[in-house]
1. Select, from 187, 167, the only residue that is charged (D, E, K, R), within 20 Å of residue 282 (Cα to Cα) and not in a strand (DSSP E or B).
2. Scan segment 138-149 residue by residue and report those that are farther than 20 Å from residue 360 by Cα and either among the basic types (Lys, Arg) or out of contact with any helix residue (DSSP H, G or I) (no Cβ under 6 Å at 6 or more places or on another chain) (or both).
3. Do we find a residue being small (Gly, Ala, Ser), farther than 30 Å from residue 131 by Cα and in contact with a strand residue (DSSP E or B) (Cβ under 7 Å, 6 or more places away or on another chain) anywhere in segment 59-75?
4. Can you tell me which of 321, 306 is open to solvent by 10 Å² or more (accessible area, probe 1.4 Å) and small (Gly, Ala, Ser)?
5. For residues that are closer than 24 Å to residue 80 by Cα, touching a strand residue (DSSP E or B) at 6+ places or on another chain (Cβ under 6 Å) and either surrounded by fewer than 23 Cβ atoms within 10 Å (Cβ to Cβ) or among the small types (Gly, Ala, Ser) (or both), tally how many sit in segment 171-220.
6. Is there any pair with a first residue in segment 266-290 that is among the β-branched types (Val, Ile, Thr) and a second that is assigned to a loop (DSSP other than H, G, I, E, B) and buried (at least 18 other Cβ atoms within 10 Å of the Cβ) whose Cβ atoms are under 6 Å apart and which are 6 or more apart or on different chains, and what are they?
7. Out of segment 252-263, which residues are part of a helix (DSSP H, G or I) and open to solvent by 40 Å² or more (accessible area, probe 1.4 Å)?
8. Kindly indicate which of 82, 151, 147 is open to solvent by 20 Å² or more (accessible area, probe 1.4 Å) and not charged (D, E, K, R).
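The values are calculated or read from the model by the stated rules, or taken from the named source; none is laboratory data. These numbers were taken from a predicted model, which means no experiment stands behind them. Here the Cβ positions follow ideal geometry from the backbone for every residue, glycine too, while neighbour counts run over all protein chains shown. Note: accessible area is taken over every heavy atom of the protein model, side chains too, but ligands, DNA and RNA are not part of it. Shrake-Rupley method; radii C 1.70, N 1.55, O 1.52, S 1.80 Å.
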Amino acid sequence: MPADFLLSKIRPQGGALKDVLIKNGKIVSVTDHNSTTNHEDLEIVDGCGQLMLPSLIDAHTHLDKTLLGMPWYRNDVGTELIELIENERAMKRELGIDPQRQSARQIEQAISYGTTYIRTHVDIDTEYGLSGLEGVVASREKYRDLIDIQIVAFPQSGMLIRPGTVELMEAAMQNGADIVGGLDPSEVDRDAKGHLDTVFSMAQRYGKPVDIHLHEPDSLGAYAMEMIIERTNALGMAGQVTISHGFCLGMLADKPLAALGAKLAKAGIHLMVKGGASSAAPPVFDLTAMGVNICSGSDGIRDTWSPFGNADMLERAAIVSQRNDFRSDENIELALKLATYGGARMMNIADYGIQEGCDASFILLNAETPADAVASRPVRSAVYRKGALIAKEGKLITPR
């Protein structure tokens, strides 16, 4: 339960020593350490000079299909997108991937690393119906006092090319999904206009945001982005549309990149990047300078696509830093902002941060600066959500 207390002697964002007063799950004040204010009536928690950061945000993952805690999966699959999709669809049944059990495992691991907000994409297809959604919705309810989870109805295997998927997407929006998802409208569905019209029409009917996986390369990806921008502008959906991955932005020459980046910023479209080395990566520094809001996420964690990933968003910030050749503290802190404030803006999280009036959701760790935290990734000594201590020394207070 949230408690009223004074968190003493901590360093928000690596600055000077401060005392943080927390009441009713909110940050009431942030004052210099040892100020004259008397708080003898409150419990005092000694922060021991630790670094204080806002709780982390995983803005893009797939809770329904992680293999965490399951036997090692030998990956002999090809690297083409369609091969990975088809293999995953077959392996779900063969390996016995239970969406509720597996999502719970990843959720607990994410919380132990200081994540208290997740946006997850959940597969909706004609072979498995809504089973993935039902499992993740159950986990969301189970952990609702520890973490906030948004669910994207995601047509992983295609939508228009698989009759019945559109109807399942409609059912998903009526049974717990928060966001309408999409996927590579030209390469997978072979009908960019039809795919995007379906996605945006559904979003309009249900009054929900949109989040579209876009792996398409070069001019094909740029074409899809232009169509997404047109629909976002026409429907007045600024701030409600996210493009995930957007690999094409890492393939464009400077002039077309600048033109497309300016359009994305003006339309209020968010961009999610994961920073991996498997494909071209959008240039984070340049796009941020253009005004594009960028967030980051774990993507798949130890699944049939790849054995890597651990739900630690500090490690993800390090991956983004390395992929963008970030070396200075300023740039590494930019990568960290993707896993904090950028994600909060994309997920429309109110009262996020470590200023007065914000929810008391934060992490404490032994690091000198935010850049040191990204580079060293020490154990999270404490994770708080809305004033309640939910994890300590890298472990949940009450594992479930």
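1. 187
2. Residues satisfying the conditions are 140, 141, 142.
3. No: segment 59-75 contains no residue that is small (Gly, Ala, Ser), farther than 30 Å from residue 131 by Cα and in contact with a strand residue (DSSP E or B) (Cβ under 7 Å, 6 or more places away or on another chain).
4. Exactly one residue qualifies, and that residue is 306.
5. 3
6. Short answer, once both residue conditions are applied: 273/282; 284/324.
7. 254, 255, 256, 258, 259, 262, 263
8. 82
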